[in-house]
Amino acid sequence: MIRLENLECTFDTGTPNAKTVIKNFNLRVEPGEFVTIIGSNGAGKTTLFNLISGSLMPTSGKIWIKDQDVTAHPEYKRARYLGRIFQDPLAGTASNMTLEDNMMITCKKGFKWPVISLNRKMRAYFRDQLIHLKMGLEGRMKENVSSLSGGQRQALTLLMMVLSRPAIALLDEHTAALDPRNAAIVMDLTTRFIREHRLTTLMITHNMNHAIAYGSRLLMMDAGEIIIDVAGEEKAHLTVPRLLEKFADIRREDFGNDEMLLTGGGRSGR
Amino acid sequence: MLEGIFVEGLIYAIMALGVFFTFRILDFPDLTVDGSFPMGAVIMATSLTGGQNPLAGLLLAFGGGVLAGFVTAAIHNRLKVPHLLAGILTMTMLYSVNIRILDNRANLPLLRVDTVLTHVAAWAENRVPVEWAVLVFFILVVLIVKLALDLFFHTDMGLVFGALGNNEQMVRVQGVNPATLKLIGVGLSNGLVALSGAFAAQYQGFADVNLGQGIVVSGLASVMLGEFIIKSNRIGMLTLRVILGAILFKAIMYLGRFYGYYINMTPNDLKLIAGILIIASLAVTNYRRIRGKGGTAA
């Protein structure tokens with residue numbers, strides 16, 4: 001479904017501040033996979049999403065979505081296959097427009113012609129869909145989205161994303177800005193929608209428990225690389241302590257390498 | 001005089017609707033207006049003196065405005081130039097273009113040609129007073145433009161325009177190219193502005209390349225005045241209040257012109273008044289927001 005080949009992304013190339021945020025990145029995500037991604041701040045998780053969605057262009061490497069080389073495609077063209085949800089609940093909806101207008105805009109991907117599609121049938125369809133959220137939003141379709149709470153907006157964004165029938169969902173810490181109760185509600189909706197619509201999903205999270213509990217595959221990123229990639233049986237038996245242990249092992253190895261490099265460099269310098 | 005205020009207000013309301021479209025809906029402060037307004041006027045005047053019928057002239061003027069808007073949007077989209085600069089570039093270039101359209105003249109009188117208004121006057125003769133017929137005519141024209149705009153904003157494309165000014169990322173995620181939308185939006189907006197210029201030329205009886213100086217400011221002042229009259233977010237009300245704002249703005253300018261001498265004011269001060277009106281609107285809006293009453297965002 002998604003294939004990334006030798007992807008590399010450097011900011012401020014050619015200046016002293018040049019920083020490689022994604023390096024030598026190879027990843028293959030099969031249809032129907034639900035991948036959770038964890039990593040510390042600055043590990044390159046969001047940059048990875050920006051590269052996949054096209055809001056950022058890679059310095060080198062190739063990106064395939066649905067067996068199509070989309071490396072050169074602008075964001076709005078790739079959007080046909082992608083549903084992206086951001087951490088900020090305000091990012092997915094237009095505040096000063098009504099709920100039904102928002103849903104009308106998002107229910108179909110692609111260019112919009114000057115035709116009126118928001119009719120009684122469409123409204124009934126939206127109402128049916130909103131009932132599934134169990135938030136009472138079906139009675140507030142003429143209200144502005146700005147009157148909704150953060151949790152409601154994120155749930156609505158999620159629903160709108162699903163209605164637009166993308167092949168791949170990119171969830172960027174979409175529950176991080178919500179209180180625990182709303183986060184749980186939105187997370188429940190997420191798993192339900194992913195199951196019902198068989199969405200291929202990549203989900204960034206800061207919550208290790210979430211990363212382990214949800215999904216069929218887990219990636220840990222550090223300094224722009226995948227350092228842990230577990231799926232299947234191994235993922236099923238993963239616990240937070242074991243994950244931390246694994247992370248520590250890899251890190252120690254890194255330190256070892258660094259030490260060797262340093263001593264080696266020192267010797268040749270003499 | 002009273003119907004004069006209304007007629008001028010209604011003519012400028014068409015321009016103000018265009019300004020409202022770019023400034024408020026698209027969040028694209030478009031200064032092309034200062035060039036596309038006289039462009040509409042000179043296209044209209046040229047086609048009328050060339051023997052075209054008024055309806056064809058209006059269509060040509062609208063089309064010219066759309067092209068002017070395309071140029072601004074294309075400069076902004078293609079060269080990643082800030083929208084203000086893109087508008088100023090087009091506006092400046094249009095000054096020369098407008099003189100070319102007038103065949104190397106700066107103005108063109110419309111005294112002995114048939115305009116839309118002479119047709120209206122001919123119809124009104126012996127039936128109703130001409131001034132009233134003209135007023136009703138412009139009420140109808142503005143009503144048609146307003147209803148067409150309202151209808152447009154209820155279409156799928158119109159809704160995306162609403163989202164674009166609000167949340168461009170959301171539009172892109174939806175698989176719509178914001179650049180294409182800006183092209184269409186700024187084009188339509190300037191089409192309306194040029195249409196307004198075409199009517200203004202016929203009403204005043206001449207077209208002048210300097211007709212557009214500071215017009216974008218008066219359009220913006222109309223939009224802001226309207227926002228004080230009606231608080232709403234229904235599109236029908238939004239367009240209505242722009243029209244009312246334009247009439248109110250003209251009324252204030254009339255007062256300034258006819259009674260301003262009491263405080264030593266001359267017609268030359270009117271642009272200053274327009275600017276101060278905008279600043280005052282911004283200040284009041286700001287004050288309301290601080291007090292948490294939630295005025296319309298400026």
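The values are calculated or read from the model by the stated rules, or taken from the named source; none is laboratory data. Small disclaimer: the values here were computed from a predicted structure and weren't measured. We place every Cβ from the backbone using ideal geometry, glycine too, and count neighbours over all the protein chains shown.
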Subset of region A:6-33 [buried (at least 21 other Cβ atoms within 10 Å of the Cβ) and under 19 Å from A:Thr200 (Cα atoms)]: none
Selection from region B:228-257 of residues that are without any contact (Cβ under 8 Å) to a residue 60 or more places away in the chain and either out of contact with any helix residue (DSSP H, G or I) (no Cβ under 6 Å at 6 or more places or on another chain) or in a loop (DSSP other than H, G, I, E, B) (or both): B:Phe228, B:Ile230, B:Ser232, B:Asn233, B:Arg234, B:Met237, B:Ile252, B:Leu255
Quick one: what pairs do we get from region B:104-127, first residue touching a residue at least 40 places away in the same chain (Cβ under 8 Å), second among the aliphatic types (A, V, I, L, M) and assigned to a strand (DSSP E or B), C-beta under 6 Å, 6+ apart or different chains? B:Leu108/B:Ala207
Of the residues that make up region A:63-71, is at least one farther than 30 Å from B:Asp156 by Cβ and assigned to a strand (DSSP E or B)? yes
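Residue-by-condition table, conditions (1) acidic (Asp, Glu); (2) modelled with pLDDT under 85:
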| position | (1), (2) |
| --- | --- |
| A:Glu5 | yes, no |
| A:Thr13 | no, yes |
| A:Phe25 | no, no |
| A:Ile37 | no, no |
| A:Asn41 | no, yes |
| A:Ser53 | no, no |
| A:Leu56 | no, no |
| A:Gly61 | no, no |
Give the residue that is nearest to the other protein chains (Cβ to nearest Cβ), with candidates limited to residues of region A:85-105 that are among the β-branched types (Val, Ile, Thr) and surrounded by 24 or more Cβ atoms within 10 Å (Cβ to Cβ). A:Ile105
Looking only at region A:226-243, which residues are outside any strand (DSSP E or B) and without any contact (Cβ under 8 Å) to a residue 24 or more places away in the chain? A:Gly232, A:Glu233, A:Glu234, A:Lys235, A:Ala236, A:His237, A:Pro241, A:Arg242
A:Leu130 more than 8 Å from chain B (Cβ to nearest Cβ), closer than 17 Å to A:Val162 by Cα, of a type outside the set (Val, Ile, Thr) and surrounded by 21 or more Cβ atoms within 10 Å (Cβ to Cβ): yes
Could you give me the residue pairs with C-beta distances under 7 Å whose first residue belongs to region A:127-144 and is in contact (Cβ under 8 Å) with a residue 12 or more places away in the chain, whose second residue is assigned to a loop (DSSP other than H, G, I, E, B) wherever it lies, and which are 6+ apart or on separate chains? A:Arg127/A:Met141; A:Asn144/A:Ser95; A:Asn144/A:Asn96; A:Asn144/A:Met97; A:Asn144/B:Asn233
Which residue out of A:Asn17, A:Asn6 is polar (S, T, N, Q), more than 23 Å from A:Ala176 (Cβ to Cβ), in a strand (DSSP E or B) and free of Cβ contacts under 8 Å to residues at least 60 places away in the same chain? A:Asn6
Among the residues of region A:209-225, are any outside any loop (DSSP other than H, G, I, E, B) and within 30 Å of A:Tyr125 (Cβ to Cβ)? no
So B:Asp208 ticks every box in (1) over 20 Å from B:Gly65 (Cα atoms); (2) acidic (Asp, Glu); (3) modelled with pLDDT of 90 or more but one. Which box is left unticked? (1)
Looking only at residues that are part of a helix (DSSP H, G or I) and more than 22 Å from the chain's Cα centre (by Cα) in region B:264-286, which one is surrounded by the fewest Cβ atoms within 10 Å (Cβ to Cβ)? B:Ala283
Applying the selection to region A:54-69, what residues are crowded, with 20+ Cβ neighbours inside 10 Å, out of contact with any Asp or Glu (no Cβ under 6 Å at 6 or more places or on another chain) and either under 23 Å from A:Lys108 (Cβ atoms) or without any contact (Cβ under 8 Å) to a residue 12 or more places away in the chain (or both)? A:Ile65
Filter result (at the interface with chain B (Cβ under 8 Å from one of its Cβ atoms) and either touching a Lys or Arg at 6+ places or on another chain (Cβ under 6 Å) or within 17 Å of A:Gln154 (Cα to Cα) (or both)) within region A:69-81: A:Glu75, A:Tyr76, A:Arg80
Here is a check on your reading of the model: is B:Val145 more than 14 Å from every other protein chain (Cβ to nearest Cβ) and assigned to a loop (DSSP other than H, G, I, E, B)? no
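Here's the yes/no breakdown for (1) at positive phi; (2) in a helix (DSSP H, G or I); (3) not small (Gly, Ala, Ser):
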position	(1), (2), (3)
A:Ala155	no, yes, no
A:Pro166	no, no, yes
A:Val186	no, yes, yes
A:Ile194	no, yes, yes
For A:Pro180, indicate whether it is within 12 Å of chain B (Cβ to nearest Cβ), free of Cβ contacts under 8 Å to residues at least 24 places away in the same chain and out of contact with any Leu (no Cβ under 7 Å at 6 or more places or on another chain). no
The one condition in (1) more than 14 Å from chain A (Cβ to nearest Cβ); (2) touching a Pro at 6+ places or on another chain (Cβ under 9 Å) that B:Phe199 fails to fulfil: (2)
Sort through B:Ser218, B:Ser222, B:Ser189, B:Ser196 and tell me the only one that's within 17 Å of B:His76 (Cβ to Cβ), touching a Phe, Trp or Tyr at 6+ places or on another chain (Cβ under 9 Å) and either among the polar types (S, T, N, Q) or not in a helix (DSSP H, G or I) (or both). B:Ser189
Could you check, for region B:35-45, whether at least one of its residues is touching a helix residue (DSSP H, G or I) at 6+ places or on another chain (Cβ under 6 Å), surrounded by 14 or more Cβ atoms within 10 Å (Cβ to Cβ) and more than 16 Å from B:Gly191 (Cβ to Cβ)? yes
